[in-house]
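To start, the structure itself, in structure tokens.
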Amino acid sequence: MEDSIATATGHGQVQVYFSTNSPDIELPEEKRQLRVPTDVRRYGLSQILNSESMLDTSAPIPFDFLINGTFLRTTIDEYLVANGLSSETTLNLQYVRSLIPPLYEASF
Amino acid sequence: STHLDETTIELRSAIDAREQWTHYEAMTRDLSLSLTEQLRLILAPTLATKMRGDFRTGKRLNIKRIIPYIASQYKRDKIWMRRSVPSKRSYQIMLAVDDSKSMGESGSGSLAFETLVMVSKSLSMLEVGDICVLGFGDQVNIAHDFDTPFSSDAGPRIFQHFGFEQSRTDVTRLVRESIEIFRTARAKASSSPADLWQLQLIISDGVCDSSEHEPIRRLLREALEERIMMVFVIVDDVRNKKKGESVMDLKEARFVKDENTGQSNVKIERYLDTFPFQYYLIVSDVKELPGVLATLLRQWFTEVVDSSG
Ligand SMILES: [Mg+2]
């Protein structure tokens with residue numbers, strides 16, 4: 001069974017809903033829903049949010065992501081497995097400006 | 001069947017399923033009738049040609065018996081022309097309903113049930129051939145097989161198989177296993193293979209991993225070669241969805257490696273842009289279905305069936 005979960009989400013996608021408490025970096029309503037690869041971590045998600053079709057930032061803003069009040073420190077896939085969730089569920093991702101200096105970004 | 005052996009899905013209570021079926025049946029009764037009338041004209045064109053040739057115009061008036069047929073609560077169905085002039089064309093029609101969790105979460109489950117009840121009722125009233133119902137998610141379950149007549153208790157029994165709890169939407173597996181089921185059914189069919197038409201309607205929110213789109217496309221070519229028609233009915237209950245959540249607006253992010261710099265760049269694309277099914281329709285209200293489904297099937301018959309004689 002564990003095996004099938006791993007393959008089920010390994011190269012998969014999950015639907016996420018992006019939200020934030022900071023009005024200046026808020027996405028327009030129609031852009032908040034997105035299917036993303038499940039093998040991304042906060043860095044990949046940050047890249048997605050900064051991209052042209054999303055926030056279209058002039059200089060990339062590093063973001064952190066909270067799911068249910070907890071910072072995402074693994075891949076989404078690992079988060080799903082650890083929390084017994086399937087990729088059929090929409091994940092609510094709350095994003096905040098990261099306090100981690102961009103220099104260390106690669107280690108996440 | 002073997003598919004049922006490996007599944008862990010528990011059947012829902014018979015009482016609940018019956019109650020639910022009755023509810024959806026009442027809700028879609030008029031629409032079923034409308035669909036039946038439209039499908040009758042599409043699925044039996046060989047019959048119509050035959051009648052014109054054999055009986056001239058007089059016999060064609062029998063189509064008007066549709067009204068007494070409805071008025072008699074479908075009891076007088078044996079009057080239908082198919083009885084007196086045997087049709088050469090017969091059908092095996094499969095309804096595959098998405099049983100994955102996303103169906104329940106997106107609120108599309110009840111729209112899928114409405115669609116299933118309406119279409120299966122129409123097809124059974126038409127008596128054009130055998131009906132099979134599948135549920136799919138991470139696996140494929142047969143809720144009603146081709147060999148079993150679609151009697152009045154068939155519907156509630158089918159409903160027992162659906163709970164929208166499956167943790168994955170494996171459309172590739174569905175298509176692959178459907179082709180196998182169709183092959184077996186064709187081999188067992190009593191009519192000559194040339195007169196047998198196999199049609200599948202997939203009822204789903206339409207969302208699976210887009211990495212599946214290409215493998216599905218390959219399987220669909222296989223199906224086409226074997227004259228299996230697969231129509232994807234996307235139920236998209238926009239009334240219960242947030243802005244941007246409709247399958248029509250749904251987007252996906254991919255990472256594409258730049259050959260020159262070696263960097264990964266984000267590409268955002270419309271989910272439906274790579275959707276592999278050639279014949280698909282999006283339904284946000286079950287009332288639209290009889291019309292759009294009829295149009296699509298008519299188109300298919302013009303393109304495929306009639307051209308192959
Ligand atoms: Mg699903």
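Since every read-out is calculated from the coordinates, none of them should be taken as a lab result. Remember, it's a predicted structure, so these values are computed and weren't measured experimentally. We place every Cβ from the backbone using ideal geometry, glycine too, and count neighbours over all the protein chains shown.
Average partner chain C-beta neighbours within 10 Å, per residue of A:30-43? Mind showing how you got there, number by number?
On the way: counts 7, 5, 4, 9, 7, 11, 7, 7, 1, 1, 2, 0, 0, 0.
The mean count of partner-chain Cβ atoms within 10 Å per residue comes to 4.
Please report Rg (one decimal) and Dmax (integer) in Å for the Cα set of the stretch B:150-306.
Values for the stretch B:150-306 (Cα only, Rg and Dmax): 18.6, 64 Å.
So for the stretch A:2-102, what are the equivalent ellipsoid semi-axes in whole Å, largest first, each being the square root of 5 times an eigenvalue of the Cα gyration tensor? Don't skip to the end; give the middle numbers.
On the way: eigenvalues 113, 38, 30 Å².
Working through the eigenvalues yields semi-axes of 24, 14, 12 Å.
Which Cα, out of A:Phe63, A:Leu85, A:Gln33, lies furthest along the positive dipole direction of the stretch A:2-102 (beta carbon charges, K/R +1, D/E -1)?
A:Phe63
Nearest 0.05, what FRET efficiency do A:Thr89 and B:Asp145 give at R0 = 41 Å with Cβ-Cβ as r? Mind dumping the intermediate values first?
Working: r = 32 Å, r/R0 = 0.77.
After rounding to 0.05, the efficiency reads 0.80.
Could you give the length gained by full extension between A:Ser58 and A:Arg97, i.e. 0.36 nm per residue of separation minus their alpha carbon distance, to one decimal place? If you can, show how the numbers build up before the last one.
Details: separation 39, 0.36 × 39 = 14.04 nm, distance 1.51 nm.
Here the segment from A:Ser58 to A:Arg97 would lengthen by 12.5 nm.
Using a 7 Å offset from the Cα along the Cα-to-Cβ direction at both B:Glu165 and B:Thr295, what is the distance between the two label points in nm, to one decimal?
A separation of 3.9 nm, rounded to one decimal place.
How large are Rg and Dmax for the stretch B:91-206 when calculated on the C-alpha trace, in angstrom?
In Å, with Rg to one decimal and Dmax whole: 13.8, 44.
Mind giving me the FRET efficiency for A:Tyr43 and B:Arg217? R0 is 30 Å, r the Cβ-Cβ distance, nearest 0.05 is fine.
Working: r = 32 Å, r/R0 = 1.07.
Once rounded, the FRET efficiency stands at 0.40.
From the backbone phi of the stretch B:261-266, what are the Karplus-calculated ³J(HN,Hα) couplings (6.51 cos²θ - 1.76 cosθ + 1.60, θ = phi - 60°) in whole Hz, Gly and Pro given as x?
For the stretch B:261-266, the Karplus curve yields 8, x, 7, 8, 10, 7 Hz.
May I ask you to work out the translational diffusion coefficient for the stretch B:85-133 at 25 °C, viscosity 0.890 mPa s, via Stokes-Einstein with Rh from the Kirkwood sum over Cα pairs, reported in whole µm²/s?
On the way: Rh = 12.3 Å.
Stokes-Einstein gives a translational diffusion coefficient of 200 µm²/s.
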